[in-house]
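Take a look at the structure set out below.
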Amino acid sequence: MRKEYDFSKATKNPYAKFFKKQVTIRLDEATIKYFKNMADGECLTRPLSTCISGIVLRQRDVYQSIGNPPRNNAVHRRRIR
């Protein structure tokens with residue numbers, strides 16, 4: 001490897017905007033607390049969003065490996081009045 005590299009003619013990756021997409025989700029207090037505690041432990045050097053993304057991807061892989069992905073209507077909530 002060289003001791004120094006010249007990045008004066010470097011360009012930004014034009015595909016970088018396709019790698020991640022910003023979304024807003026609402027989580028309850030217990031879920032936020034869970035992820036923050038996890039971020040303090042195993043995800044110490046990564047942002048909280050990266051930890052959550054990793055967990056969601058692992059869950060997706062589990063469902064794909066068993067061949068039984070959850071359907072959109074699998075979770076129903078009761079409205080309490």
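The values are calculated or read from the model by the stated rules, or taken from the named source; none is laboratory data. Note that this is a predicted model, so its numbers are computed, not measured. Cβ: placed from backbone, ideal geometry, glycine included. Neighbour counts: every protein chain shown.
Data for the structure
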read-out	value
Some residue of region 45-52 being at pLDDT below 85, assigned to a helix (DSSP H, G or I) and exposed (fewer than 10 other Cβ atoms within 10 Å of the Cβ)	no
Qualifying residue in region 20-32 (condition: in a loop (DSSP other than H, G, I, E, B), modelled with pLDDT under 80 and surrounded by 11 or more Cβ atoms within 10 Å (Cβ to Cβ))	no
